[in-house]
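Enquirer: Got a structure for you, written out below as structure tokens; questions coming shortly.
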Amino acid sequence: MRNIGHDQQKQRNFWQRIHIDLPLLLGILVLMTVGLFVVYSAGGQEMAIVYRQITRLGIALLVMFTVAQIPPLVYQKWAVPVFVFGLLLLIAVLLFGHVGKGAQRWLDLGFMKFQPSEVMKLIVPIMIAGYVSQQNLPAKLSTIIIALVLVLLPTILIFKQPDFGTSILIASSGIFVIFLAGLSWKLIGVCIGLGLGFAPILWFYLLGAYQKQRVTTFLNPEQDPLGSGYQIIQSKIAIGSGGFEGKGWLQGTQSQLEFLPERHTDFIFAVFSEEFGFMGVVALLSVYLIIVMRGLWIAVQAEHAFTKLLAGSITLTFFVYVFVNIGMVSGLLPVVGVPLPLVSYGGTSVVTLLAGFGMLMAISTHKRFIA
Amino acid sequence: MASNKRVAIRNHSAEANLFARRTFIAFVGIMVMLIILLSNIYDLEINSYDKYQTRSNSNRIKILPVAPNRGLIYDRNGVLLAENKPVYSLEVIAEQATDLKKHIVEVSELLEISEEKQQKLFKALKRNRRFKPIELHSRLSAQQVALFSVNQHRFPGFFIDARLKRYYPFGDLTTHSLGYVARINSKDSIRLAEQNLSEDYAATRNIGKLGLEKYYEDLLHGTIGHQEVEINSQGRVIRTLDYTPPISGQDLTISIDIELQMIAKRALAGKRGAVVAMDPRSGEILAMYSNPSYDGNLFVHGISSKNYKKLLDPKNNRPLLNRSVQGYPPASTVKPLLGLAGLEAGIITQKSRYYDPGWFQLKGLERKYRDWYPQGHGWVDLNEAIEHSCNVFFYTLAVRLDIDNITNMMERFGFGDLTGVDIWEDKRAILPGREAKRSRYNEPWYTGDTVNVGIGQGLWTVTPLQLAQAIAILANKGQKKIPHFLRSTARAVDIKPLNEQGSTQDNVSVANESNNVVTKMLTEAIEFEDKPPIVLKNHKNWNLVLDAMHNTAQKKYPAFKGARYDAAGKSGTAQLISKKQDEEYDATAIKEKQRNNAMFVAFAPYENPEIVVAVVVENVLEGGGGFNAAPVARQVMDQYFGDREIISTDKSKHPQHKNIYGSNKKTQKVGPN
């Protein structure tokens, strides 16, 4: 340890002093650049859309840089009050929220609209990691049960909005912490069993009509090819017709002729695959894999149980984004509203995502080296 | 683990090992999931490439939204008040044009399109997508359409688009009740999105902005249709494969009688004011006209800023204002209602008399409240007080009644509340009372305020619509009907899909059996629920007051001389500036906007009322309500009754009253307050 610490101290270069993790930053910038090119193609080749996206990414990068300056243990201190405040905000959304696109997700603060579920994506892993790491690992059964309840509260509130996509992301961010904290395999088995038992209840009592329709459409899109199945069929045609090399940038007929709905937002992966083919997909997934590996490396190298768990959860949740989005666009999963991280146009989610990366960078660069 | 010792030293290396193991497992999971994703995409892009490539090449089906036809609006006799007319516009798709700039200049020369519009188009071209059509000129004349059609081959990418646009054939006559439609703006879009209607409006350009067009937007709009078209690889539409026709909006029949409306307009010509005519039996509004008015068609095509400025210019008497729902002091028109309040509270009876020396004074106060008739009316009972519009009688009555009794009764007659009419422009105006003064001036109520309320002035305003409603309640002896326009809706049912494609302009009201299209119009009468009625302690009190109004109309108003129906009515003259003690009112000496308002309310026939009319004429130069507003009501009623003759034969129902004036006073031209 001492030697490693010494070596690292020597390497405390410019990037570490400004708390930026270079490999992560490079990966993020590559994805953003790819994203801008695809957004230009999918958005009707309008520079205006690209400029707007650049502005948004700029703001998100600024947030990341700012968050990276905060020592990670500060989060742990503030975890409980912020978590409680977040829960209150979610309840406020359900009671007074602004209804947009049929769901209540926004709080109207007068000067801006604010989506508390976005912030919860970061607060939940901080809270759970903070709670679980207070005691020795592996966590005890009672700790695990309380942690699960803490995860379920915001998940249910967000599910009620209804926002299925975000509630999945929040649930996974919490569950990853518990898993990394050493949840026993026996319990994992029990949970999977309970989950399977819970599925019918979910289907019959909790899912809204529009959510059910998404699932039936997913199981058999061809039954209503011009209605609800249209999107997923067009998306699969876009991906499939890309072939090995792709049709070339700006040459994708599915997107350029506007067959594909939501092509520059949630379904941007279909446009990418159509224009850059299987080769492009392998390259894109490799970049995602590099980012994930770097994130896990930071987690393993982290000093404290808290930072380890937090870094692990952020990284794994990032992967869930990628998996759910590509899964749904290519027809493996039902359509839930999850964007392709760092590539899709718009969304407040990019700010949250980069704030998460900011935390990862803080964890990797704010180290008190044991001398 | 040392679970009983909270401060046990943590085994950091054991924890780190556990964490590293778990991270490794997670990493393995990630790899497995990545492989699943990749193999699925491999299957799509490599194994099934041929299949999807074929589908992509033959993917020519595109779904275009088709706007529904907006429902039509008819008057009560089936006269069309709002229709949809085809409008032709010249459009261009930049991508398809061979020499865009040159052609725009050439086509503009050909059709005499202004320089300004060309510049606008060049600007629009920079903003828009190259494959979307942009409008070069809207509303082409028939000649321009013909001229372009002959020369179309010279201008690739240019074409004429036909669209249905709302048209109001009666122009300014109907605007204040029908309202108008205009271009959907960003505010509308947000509201539509919030109501989950964005998809339904995907092809719709205009939306109801005012009046009935706004209130019944959901009935009028209809349901969007879809056209499935085949396009080639350049995106050009080749043919229509399938067509789900849009469902037209429902046609509305409203209670307005357009002929009555015309008479109302004619009667108000040259004046500022409003007329509301209502059927007290149903609450149906027969006419609602506010003068001056404006042409709603101007807004349908997007009003030019020049025209809009004109409408806003105060010199043009503010035509945008719907005066039938603006608050005015009711003046003496509400005296019958105050009399009723007095009877109901037991303050007066039919026989009670007050002495009118020409003025009224509150105990211990200097100020004299004048009667309009300086010499005074002497001893008067309620009937005489209403007939001669005696102010002192009602000053006295109001003070004895006390403001809370008045507030309470006037609230029951619908003042200070929305009428529930089916246009959003409905207003509350001001219900007199402590609450109104508190909320407006944060001051307590004084007895002096009550005195003014006694003659329908002071802190009291009513809309002509509220006034018509109140008189209808009176004429109905307490039955309350909600004033409204909508009589029935009609919608097309049993439409079979058209075999031929695309004609969005089909009017479905015609059954076309050769095409196997069977269409019926299903008419549904609309019922408005009644409001809870006013029940008096003594039902006879209704008759006392109604009789007095009948008596008044028969004796006082030259305007109603020779009518072939029995009318009952009451005039009012509202002072807009307060006179100093003993100061004479001279209309020519004060600013026009401060001159008196003339008011009149009437209903007929006396025995089974069919029509209630409320009239307001702003800032009259000479005379009051009887002189300026009663003739307007007379003309409306004459039109309504036409050739019918309804004279009550039973004279015993309204006994003659002795006249306290000489006969010369009875025929004086200037009516009482």
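Enquirer: Tabulate in residue order the Karplus-calculated ³J(HN,Hα) for the stretch B:448-458, using 6.51 cos²θ - 1.76 cosθ + 1.60 with θ = phi - 60°, rounded to whole Hz; enter x for Gly and Pro.
Expert: x, 5, 5, 4, 5, 4, x, 10, x, 10, x
Enquirer: Let me ask something else about it. Report ³J(HN,Hα) in whole Hz for each residue of the stretch B:548-558, in order, from the Karplus equation J = 6.51 cos²θ - 1.76 cosθ + 1.60 where θ = phi - 60°; Gly and Pro get x.
Expert: Here the 3J(HN,Hα) series is 4, 5, 5, 3, 4, 5, 5, 9, 8, 9, x Hz.
Enquirer: With the cut-off at 1.5 for a/c, could you classify the stretch A:71-207 from its C-alpha gyration tensor as rounded, prolate or oblate?
Expert: Oblate shape, in that a/c is at least 1.5 and b/c is the bigger or equal ratio.
Enquirer: Ratio to report: Rg/Rh of the stretch B:318-451, with Cα atoms as the point set and Rh obtained by the Kirkwood method; give two decimals.
Expert: 1.01
Enquirer: I'd like the antiparallel share, as a percent to the nearest 5, of DSSP beta bridges with both residues in the protein assembly as shown.
Expert: Antiparallel bridges make up about 95 percent of those DSSP assigns within the protein assembly as shown.
Enquirer: Taking neighbour Cβ counts within 10 Å as the exposure measure, how do A:271, A:74 sort from fewest upward?
Expert: Sorted ascending by nearby Cβ count, the order is A:74, A:271.
Enquirer: Give me, ordered by chain and number, the residues 5 or more places off residue B:646 or on other chains with an amide H under 5 Å from its own placed amide H.
Expert: Close amide H contacts, sequence-distant or interchain: B:565, B:566.
Enquirer: Counting other C-beta atoms within 10 Å, which of B:137, B:539, B:12 has the fewest, and how do the rest follow?
Expert: Fewest-to-most ranking of B:137, B:539, B:12: B:539, B:12, B:137.
Enquirer: Put a dot 7 Å past each Cα toward the Cβ at residue B:142 and residue B:198; how far apart are the dots in nm?
Expert: Placing both labels 7 Å beyond Cα along the Cβ direction yields 4.3 nm.
Enquirer: DSSP loop (so not H, G, I, E, B), at most 11 other Cβ within 10 Å: list which trypsin sites (Lys or Arg not before Pro) in the stretch A:269-371 pass both filters.
Expert: Here the trypsin sites (Lys or Arg not before Pro) that fit, given the DSSP loop and packing criteria, are A:368.
Enquirer: Continuing with the same structure: Run through the stretch B:565-629 and list the GluC sites (Glu not before Pro) located in a DSSP loop whose Cβ has at most 10 other Cβ atoms within 10 Å.
Expert: Passing sites in the stretch B:565-629 are B:583, B:584.
Enquirer: In whole Å, how far is the Cα centre of the stretch B:262-307 from that of the stretch B:383-400?
Expert: A separation of 35 Å, based on Cα centres.
Enquirer: Related question: Under the rule of -39500 (n - 2.57) per DSSP H run of 4 or more residues, summed and divided by the residues of chain B, what mean residue ellipticity at 222 nm is obtained, to the nearest 500 deg cm²/dmol?
Expert: Here the helix-only value at 222 nm equals -9500 deg cm²/dmol.
Enquirer: If you don't mind, another one. Which helices of chain A meet both criteria: a Cα extent of 20 Å or more along the helical axis and a mean Kyte-Doolittle score no lower than -1.0, with helices taken as whole DSSP H segments?
Expert: Within chain A the helices that satisfy the rule are A:22-42, A:47-68, A:73-96, A:116-132, A:141-159, A:164-180, A:185-201, A:268-301, A:305-329, A:349-365.
Enquirer: What is the packing order of peptides B:629-638, B:215-224, B:269-278, taking the mean over residues of other C-beta atoms within 10 Å and listing the highest first?
Expert: Going from most to least packed, we get B:629-638, B:269-278, B:215-224.
Enquirer: OK, next. Specify, per residue and in Å³, the volume enclosed by the convex hull of the alpha carbon atoms belonging to the protein assembly as shown.
Expert: So the per-residue hull volume is 256 Å³.
Enquirer: Same structure again: Is there a simple number for the mean count of other chain Cβ atoms within 10 Å of the Cβ of residues in A:244-250, and what is it?
Expert: 1
Enquirer: Size of the dipole of chain A about the Cα centre, Lys and Arg at +1 and Asp and Glu at -1 on the beta carbon, nothing else charged, in debye to 20?
Expert: Dipole size: approximately 1160 debye.
Enquirer: Next question. Per residue, how much space in cubic angstrom lies within the convex hull of the C-alpha atoms of chain B?
Expert: Measuring per residue, one finds 311 Å³ for the Cα hull of chain B.
Enquirer: For the stretch B:12-58, how big is Rg over Rh, using alpha carbon atoms and the Kirkwood form of Rh?
Expert: That ratio is 1.45, to two decimals.
Enquirer: Here's a follow-up. Please report B:242, B:75 as a ranked list, fewest other C-beta atoms within 10 angstrom at the top and most at the bottom.
Expert: Lowest to highest Cβ neighbour count: B:242, B:75.
Enquirer: Can you give the angle from 0 to 90° between the axis of helix B:100-111 and the longest principal axis of chain B, with both taken from C-alpha atoms, to the nearest 10?
Expert: The two axes meet at around 40 degrees.
Enquirer: Just add up the charged neighbours of residue B:536: K/R +1, D/E -1, any other residue whose Cβ is under 9 Å from the Cβ of residue B:536.
Expert: Neighbourhood net charge equals +2.
Enquirer: Residues of B:24-37, mean number of Cβ from any other protein chain within 10 Å of their own Cβ, rounded to a whole number?
Expert: Per residue, the number of nearby Cβ atoms from other chains is 5 on average.
Enquirer: Right, something else. For residue B:112 and residue B:447 in the same chain, what is the full-extension length gain: residue separation times 0.36 nm, less their Cα-Cα distance, in nm?
Expert: Extending this stretch completely gives an extra 113.5 nm.
Enquirer: Here's another thing I want to ask about it. Which of the trypsin sites (Lys or Arg not before Pro) found in the stretch B:356-458 are in a DSSP loop and have at most 10 neighbouring Cβ atoms, other than their own, within 10 Å?
Expert: For trypsin sites (Lys or Arg not before Pro) across the stretch B:356-458 that sit outside H, G, I, E and B with at most 10 neighbouring Cβ atoms in 10 Å, the list reads B:363.
Enquirer: Further question: So what is the orientation-averaged projected area of chain A, using the convex hull of its C-alpha atoms, in nm²?
Expert: 19.9
Enquirer: Another question about this same structure. From the phi of every residue in the stretch B:410-424, what ³J(HN,Hα) in whole Hz does the Karplus formula 6.51 cos²θ - 1.76 cosθ + 1.60 yield, where θ is phi - 60° and glycine or proline is x?
Expert: 3J(HN,Hα) across the stretch B:410-424, in whole Hz: 5, 5, 5, 8, x, 6, x, 9, 5, 7, x, 4, 8, 9, 6.
A short reminder: the numbers here are calculations on the coordinates, not readings from a lab. Just so we're clear, the structure is a prediction, and the values are computed from it rather than from any experiment. Quick reminder, even Gly has a Cβ in these numbers, built from the backbone with ideal geometry, and neighbours come from all protein chains shown.
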